[in-house]
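The values are calculated or read from the model by the stated rules, or taken from the named source; none is laboratory data. Owing to the predicted nature of the structure, the values given are computational and were not obtained by experimental measurement. So basically every Cβ, Gly included, is an ideal-geometry build from the backbone, and we count neighbours across all protein chains shown.
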């Protein structure tokens, strides 16, 4: 397989930011007692995440289960209210707007959910599902009529417009995900947050849906935040990649930087676990097997959160929290005191 | 929209339009998936539904048009023919007052079924509203509603009804129904709340919220249609339970009062003569039993039909 590796220079460097996220924090309180609840702790689901998303760009977010990826998506959609931090959409503060302003901004940021079997109301026809955005935002009512626009959208995502009166249970998983995508596209958004949009699909269907997302991006200049736990899926679609661990970004860089020169030990461990298609290369690569489970997010380790499973950990890792910055020769941002590229982990070509 | 550009060098170049169609061409007319259309399809094939439907139609017509079933006036009583055995003239015999027992049992359907329906509809409205609000908003709203529900639930309805109805001097269908509603709404409310909670975190609800839908829209369009199924089934079963409860209360002397005609009153009046004229007890018992059975079987069938998990 040959993937076009983007040029070393960041092709989106001169594009304006559509989404600027700064220090986003969400702690879920752990309470005890039924009537008089008292707070005994907090799950630090998202704990200080910052990044920006530029026009037409795809930012992949990877991480294992429970690292806060989906909470991040919900925060960006304002489905959860963050405890701290800012999200700016084209310079406007998305987190403080209310009422009509919020409705206007909501149109610009849409989401595609993970499970196409639960993200569509089983009691509504496909036509009603895709028309719902227009019903909730009458200002956006299409000139050609809602029904015609819905048919156009169905056609756009590769479904038969004649199926407008069918119900979700009459479609396959991949087709349902296309319905979800059509709903997300209805209001002509600028940003689409894809929360593991292909994790629930068969591998062959995954590729179709990814290609569809890719085509739609080219056609409409959409920006994606693409959340997944599958590194190869993220690599296929992303321009830049952020690696999350326990509510924080461990490493953030271009797709090429992350996949060919990872500097954070966690990223290296993740990449070394990706199966290689070429059997002759398998022995040549060092495989890092991490010990233990991720720590409890309610009580994360001091200093660097990864230190309990890291083979490079030293004194400083326990006392000082590493910042997400560019270190020495390494161009990407890395939250590790001992950030270093390791040639042995990544095969010469991929 | 213009045709989408599809580059060739892809991991898996598959033309997305030839993804297998969701359903073979068998359905020319599009299948409805609305709550009721869905249920109707599976109900038609359920023999228990047919049996209970026939019985219910019978009892309902008895309640609405009793004169279709008998020409005798249930209030025309001659003490001279007291406690007669069933005969060609009086199919169910006569009661203590010498009234035609068949016509009295037929006319008794109205009050019993009326209480059942009024209470079922009343509790259904309370349960749907409270359950929806508690389940959707959660947190302290849910805590207040649920704890209040628990409090009422803790009072046995028989006890509550005995206390309340004993105080009232004249008790008709309205009074009995009112007291039963007051003490019997918690079970259905809990069911509705649970049903709402099981849908409220679905991704399609999140999707609607992400689009900016308000609570009312979300509850009406997304939560109600997906959570009402079990409650509708239970409400039907519940109607049967209430008909039994009305008979129980009346039998205990706190329900309907003479001169009203109801199955409960007939049971109550027949009790002293259990050994000498057992048919006075037997006929109303059969009618109460069959009505309760019909409602419960119907409720079970409806609940199964509305259960999304039982979908093919």
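For beta carbons closer than 9 Å, sequence separation of 6+ or different chains, a first residue in the stretch A:155-166 that is without any contact (Cβ under 8 Å) to a residue 12 or more places away in the chain and a second that is not in a helix (DSSP H, G or I), the qualifying pairs are A:155/B:1; A:160/B:21.
Here the helices (runs of 4 or more DSSP H) wholly within the stretch A:250-350 that include at least 2 residues being within 21 Å of residue A:60 (Cα to Cα) are A:255-260, A:265-272. Residue A:136 meets the conditions (1) surrounded by fewer than 21 Cβ atoms within 10 Å (Cβ to Cβ); (2) touching a helix residue (DSSP H, G or I) at 6+ places or on another chain (Cβ under 8 Å); (3) more than 8 Å from every other protein chain (Cβ to nearest Cβ); (4) modelled with pLDDT of 85 or more in every case but one. The failed one is (3).
Within the stretch A:110-125, the set of residues being at pLDDT 90 or above and either more than 19 Å from the chain's Cα centre (by Cα) or more than 8 Å from chain B (Cβ to nearest Cβ) (or both) comprises A:112, A:120.
Report whether or not residue B:231 is in contact with a helix residue (DSSP H, G or I) (Cβ under 9 Å, 6 or more places away or on another chain) and closer than 17 Å to residue B:127 by Cα. So residue B:231 passes the test. Only one of the numbered conditions (1) touching a strand residue (DSSP E or B) at 6+ places or on another chain (Cβ under 6 Å); (2) part of a loop (DSSP other than H, G, I, E, B); (3) within 28 Å of residue B:226 (Cα to Cα) is violated by residue A:189, and that is (3). Residues in the stretch B:198-249 that are assigned to a helix (DSSP H, G or I), free of Cβ contacts under 8 Å to residues at least 24 places away in the same chain and either under 28 Å from residue A:71 (Cβ atoms) or more than 14 Å from chain A (Cβ to nearest Cβ) (or both): B:203, B:204, B:205, B:206, B:207, B:208, B:209, B:210, B:216, B:217, B:221, B:222.
Cβ separations smaller than 7 Å between residues 6+ apart or across chains give the following pairs from the stretch A:42-55 residues that are assigned to a loop (DSSP other than H, G, I, E, B) to residues that are modelled with pLDDT of 90 or more and crowded, with 20+ Cβ neighbours inside 10 Å: A:55/A:223. Looking across the stretch A:187-217 at every residue that is at the interface with chain B (Cβ under 10 Å from one of its Cβ atoms) and touching a residue at least 60 places away in the same chain (Cβ under 8 Å), the one that is nearest to residue A:143 (Cα to Cα) is identified as A:187. State whether the residues of the stretch B:135-150 include one that is within 27 Å of residue B:286 (Cα to Cα) and in contact with a helix residue (DSSP H, G or I) (Cβ under 7 Å, 6 or more places away or on another chain). Checked the stretch B:135-150: no residue is within 27 Å of residue B:286 (Cα to Cα) and in contact with a helix residue (DSSP H, G or I) (Cβ under 7 Å, 6 or more places away or on another chain).
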